[in-house]
Amino acid sequence: MFMDHIVLNAEDVDLLMSFYSQVIGLKPERLEQYHDGTVPFPSLRINEDTIVDIFPMEMWGKEGDLQKGRPNLNHFCLALQQNQWQALYDEVARKGVTITNGPVKVWGSHGYGTSFYFTDPEGNLIEAKYYEAEWI
C-alpha cells in the first residue's frame, strides 16, 4: 500500500503550482491542459507513486461547503534525503518563506527524523523531513 495523492484546495491555482514547483521542486503535470480547459485541475508529482492535485474553487465541494483548506488536514510531510532536505531548507529561507518550526526531531513512518515546517501561500502547513538512515 502507498499514498496515491493528496488534494489541496486553491484560491489561486497558478500561485500554488508556482510555489510547489519553484520552491519545493515538484514537477507540474497537466498545467497546460488545465489552462486550455481539457482537464479540471493540474497536479504536481512527488514521486512515481504520489501526486498533489490542486483543486480550483469550483471543485471544492457542494455549494455552501466552499472553504479555504480543510479543517481536518493538519499538515502533510515530504520525506527527502538529507542533502535534498538541506537544499530545500536553504531554498525556503532564500525565497523568504517563513519557517514556522524546526529543525526539530519528530516521529514519522520510518522512526525519528529531523523536520522543519513552513506554509504555502494559501496556509497549508508542510513538514519536510529526513531520516538519519537513508531509505529513499
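Data table
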{"quantity": "Inter-part distance where the stretch 1-34 and the stretch 84-125 are each reduced to a Cα centre, Å", "calculated": "18 Å"}
{"quantity": "Computed FRET value (nearest 0.05) for LYS27 with ASP4, which takes r as the C-beta separation and R₀ as 25 Å", "calculated": "0.95"}
{"quantity": "R0 of 22 Å, Cβ-Cβ distance ALA87-ALA133: FRET efficiency to nearest 0.05", "calculated": "0.65"}
{"quantity": "Viscosity 0.692 mPa s, 37 °C: Kirkwood-radius Stokes-Einstein D of the stretch 1-60 over Cα pairs, µm²/s", "calculated": "284 µm²/s"}
{"quantity": "Between helix 82-94 and the chain: long-axis angle, C-alpha atoms, 0 to 90°, nearest 10", "calculated": "60 degrees"}
{"quantity": "Label of the coordinate-derived value, Rg/Rh (Cα atoms, Kirkwood Rh), listed as (1) 0.97; (2) 1.12; (3) 1.04", "calculated": "(1)"}
{"quantity": "Cut-off 11 Å between beta-carbons: net charge of the residues surrounding GLY108, Lys and Arg +1, Asp and Glu -1", "calculated": "+1"}
{"quantity": "DSSP beta bridges in the stretch 73-136 [antiparallel fraction, %, rounded to 5]", "calculated": "80 percent"}
{"quantity": "In nm, spacing of pseudo-spin labels at THR119 and ASN47 (7 Å Cα→C-beta vector)", "calculated": "2.9 nm"}
{"quantity": "Residues whose placed amide H lies under 5 Å from that of LEU26, excluding near-sequence neighbours", "calculated": "SER21"}
{"quantity": "Cα-based shape type of the stretch 73-136, given that a ≥ b ≥ c are square roots of the gyration tensor eigenvalues and the cut on a/c is 1.5", "calculated": "oblate"}
{"quantity": "Beta bridges per DSSP with both ends in the chain, % antiparallel, nearest 5", "calculated": "70 percent"}
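Here, each number is a calculation from the coordinates, and none is a lab measurement. Here the structure is a predicted model, which means the values were calculated and not measured. Using ideal geometry, Cβ is built from the backbone for each residue, glycine included, and neighbour counts are taken over all protein chains shown.
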